[in-house]
Amino acid sequence: MNPAASLSESPAPPAFAALGRPLVPTRTPLLSGADPEAKRAELRRYFHQTCELYEGLLSLIRDDASYYERHEPLRHPLIFYFGHPAVFYVNKLIAGRLIQARIDPHLESMFAVGVDEMSWDDLNATHYDWPSVGTVRDYRRELRTRIDAFIQSMPLELPIRQDSPAWVILMGIEHERIHLETSSVIMRQMPLDELRRGAELSDEERRLWASCPAHGTPPPNEWLPVPATTVQLGKRTDDETYGWDNEYGTDEAHLPAFRAGRRLVSNAEFLEFVAAGGYRDDTLWTDEGRGWLHYTRAEHPKFWMPRGAGYVQRNLLEEVSLPLDWPVEVNCLEAQAYCAWLAGRTGEHVTLPTEAHWQALRERVPGDQPTWTRAPGNINLEHFASSCPVTMFPQGDFCDVVGNVWQWTRTPIMPFKGFEVHPLYDDFSVPTFDGRHNLIKGGSWISTGNEALASARYAFRRHFFQHAGFRTIIEEPGNAAVTAGSRLYETDQLVTQYLDFHYFDALSGGAGSTPLGVPNFPQACVAAIVPHVSAARRERCLDIGCSVGRSAFELARYFAHVDAIDFSARFIQAGVRLQHGDEVHYEVPMEGELTASRAITLERLGLADVGGRVAFLQGDACNLKPLFTDYDLVFAGNLIDRLYDPALFLTAIAARIRAGGHLAITSPYTWLEEYTAKAKWIGGRREHGEPLSTFAGLSRALEPSFMLVAREDIPFVIRETARKHQYSIAELTIWRKQPDARRSTE
């Protein structure tokens, strides 16, 4: 079996109905087993069932026009979320060199990465030329056929490990199940007349998307004592279920005795807060909460709507009189304000739980999703397509530890000790390690697959909405839980190495000199390039392969706008944090187990005033979105010999540069098959028995559209320890686009 099998010529799969899918989603598969072929069949079922469940949710949209409306201003319209989970499979399989052929490069670029969770006052009005719903539906149909064939032909050994092709398939499946939930949140904000419901649904659809019919008045909530305990956090690497990178690692939390709410906070309880003027009392809100409150002018939870003297609640397909005994659904800022209000009323230290507090309660609920005979809570779409009374699912002494709605914690998500990103999806968690994203735990009624596991860790900005509510706890003042992983600190070894490579000279006041007396490489590159670009042509610049961002910031001294793009979110996140005014802390190895701490800021670099001119984005240099165009300068720093298809990049980049604009390339020409298949090397090899240098290959690829204007060597040093450094020499070539050069992609 060929792990690099193409998706381009695959046979049609059998009728999907023959795969034996149940109506209710299956639980996430175990990675272990005794029969690889039985596991292959299980993965096929799980894949097709996931596709059909997601398409079934979006089929509730009555008219195609609704796909293009921004029902949630902090997210793309639903047409993006229709295409995004599908292209994810192809983009990850291409990145892993498991396939070679794309289905539709244009769609796979457009739908690759998009607006997910923005600041409330940071709306993105960028125009996208979205394809038709029919085009995306056709793409999804073709994708299903080809992924089905890939699953049938891929090598499969048990247990499935993170370097297995099957892991990438599971990554795609679990990713789509996340978007099943986030899309349902957006659909709760659509006008009801834009959705199919009632008699328009088939019997099967009515059963699957039926909300809970029960509602009433909840009994008084109460706080139950939980004894002091120590909980272990983190997922073992040999766990039998798929996990996202932030779940793995270890942490330990020591919890003094506390009291926890028996039930989630209900609509009835929160209604008291609203009636008492909680949304009008600034003293109850954090600084962040006041900013959100004043901007949005919110007066009640998002899914409540005033009707006469009361409220109705918007569910997926209906509006109902406010169900007082259902959990309130709010963002973290609202939950924090409620806790402050309740603390004032009771005189108790009322607060949100930490992740560790939730874990202490979760350990009282036996089993986990793959082993449940029946879900013990309103989760996994096994009970309702809505939340339900907070008394309906007792789980030991407490209710809804698992399911109904997600539960906000006061814990900003941070990696556990031993955290490692998966190389094919390094932007899943890293962008959230900024102190601004709080963990939600427990899952909701529509959480399936990985989301329904005890180990699941998802986080959102505190102003964001999901199907999320909260439970309150009471701690004795001064008895806050202690966990190890609470520092905002860069720990990724490769990122810290590149932070040192880009920014070390700033530690001595930006003197521009690095160890061994070699000038700072990003600064030296920009200093060599900028004189070739006239002052009249310094509007737009693209720094492609920007890494942790120093060259982008240096270019912003001269250009009005710089797009800084890298494939790795781990890298660009460091630049974003600097751009936001944060001080980025990291450690570098000195000798043996000894390290040295370092900290950098844009202010120390003298770049604080130009940081706002840089837009950091994630992207694939070989498949950029069409909007990245019309540049006066494109800088590709030490990138060309790390691309999976450098010739494709060189061919396409000409169309993105204005006539008379410049392309600057640096590289030490270190070709490795680890990054680029040998057949794709543009130099550093023999061709027809004769040596082909990379400069010759560059010239051959570029000279139809470009003229060489400069060529020089620029040395650089990458530090390994205090006394060990890598010394390299990159060649800088600068090319000017000819005025009559045709756009090579037209």
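Identification of strands (runs of 3 or more DSSP E) wholly contained in region 227-307 with 1 or more residues that are surrounded by fewer than 19 Cβ atoms within 10 Å (Cβ to Cβ), in contact with a helix residue (DSSP H, G or I) (Cβ under 8 Å, 6 or more places away or on another chain) and of a type outside the set (A, V, I, L, M) yields 229-233. So which of 247, 204 ends up being acidic (Asp, Glu) and at pLDDT below 95? Checking each option against the conditions leaves just 204.
This table checks each residue for (1) part of a loop (DSSP other than H, G, I, E, B); (2) touching a His at 6+ places or on another chain (Cβ under 9 Å).
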| position | (1), (2) |
| --- | --- |
| 408 | no, no |
| 414 | yes, no |
| 424 | yes, no |
| 428 | yes, yes |
| 440 | no, no |
| 445 | yes, yes |
| 459 | no, yes |
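The residues on offer are 207, 196, and the sole one that is more than 30 Å from residue 270 (Cβ to Cβ), touching a residue at least 60 places away in the same chain (Cβ under 8 Å) and in contact with an Asp or Glu (Cβ under 9 Å, 6 or more places away or on another chain) is 196. Here residue 217 clears all of (1) surrounded by 20 or more Cβ atoms within 10 Å (Cβ to Cβ); (2) β-branched (Val, Ile, Thr); (3) in a loop (DSSP other than H, G, I, E, B) except the condition numbered (1). Residues that are under 27 Å from residue 421 (Cα atoms) and part of a loop (DSSP other than H, G, I, E, B) do occur in region 594-602, at least one of them. One residue alone among 330, 365, 401 is assigned to a loop (DSSP other than H, G, I, E, B) and within 17 Å of residue 285 (Cα to Cα), and that residue is 330. Residue check: residue 419 meets all listed conditions (1) of a type in the set (Phe, Trp, Tyr); (2) in contact with a helix residue (DSSP H, G or I) (Cβ under 9 Å, 6 or more places away or on another chain); (3) at pLDDT 90 or above but one, namely (3).
Those residues that are of a type in the set (A, V, I, L, M) and either over 18 Å from residue 572 (Cα atoms) or in contact with a Cys (Cβ under 9 Å, 6 or more places away or on another chain) (or both), I need them from region 514-548; list them, please.
516, 518, 524, 526, 527, 528, 529, 530, 533, 535, 536
Scanning region 590-616 for residues that are in contact with a strand residue (DSSP E or B) (Cβ under 8 Å, 6 or more places away or on another chain), surrounded by fewer than 18 Cβ atoms within 10 Å (Cβ to Cβ) and not hydroxyl-bearing (Ser, Thr, Tyr) returns 590, 591, 596, 599, 615.
When only residues in region 645-691 that are in contact with a Cys (Cβ under 9 Å, 6 or more places away or on another chain) and buried (at least 20 other Cβ atoms within 10 Å of the Cβ) count, which is farthest from residue 532 (Cα to Cα)?
Going through region 645-691, the residues in contact with a Cys (Cβ under 9 Å, 6 or more places away or on another chain) turn out to be 645-646, 648-649, 652, 664, 666.
Next cut, buried (at least 20 other Cβ atoms within 10 Å of the Cβ) only: 646, 649, 664, 666.
Working: 646: 24, 649: 23, 664: 10, 666: 15 Å.
The selected residue is 646.
Considering only residues that are in a loop (DSSP other than H, G, I, E, B), of a type in the set (Val, Ile, Thr) and farther than 19 Å from residue 184 by Cβ, look in region 368-398 and name the one that is modelled with the lowest pLDDT.
Ranking the qualifying residues of region 368-398, first place goes to 373.
Would a scan of region 154-161 turn up a residue that is touching a residue at least 40 places away in the same chain (Cβ under 8 Å), assigned to a helix (DSSP H, G or I), surrounded by 18 or more Cβ atoms within 10 Å (Cβ to Cβ) and under 24 Å from the mean Cα position of the chain (by Cα)? No, the conditions are met nowhere in region 154-161. The residues of region 546-584 that are on the phi > 0 side of the Ramachandran plot and more than 19 Å from the chain's Cα centre (by Cα), listed by number, are 549, 581.
Taking region 569-597 on its own, how many of its residues are of a type in the set (Val, Ile, Thr) and free of Cβ contacts under 8 Å to residues at least 12 places away in the same chain?
1
The values are calculated or read from the model by the stated rules, or taken from the named source; none is laboratory data. Computed from a predicted model, the values in this text were never measured in an experiment. Note that we place each Cβ from the backbone using ideal geometry, even for glycine, and neighbour counts take in every protein chain shown.
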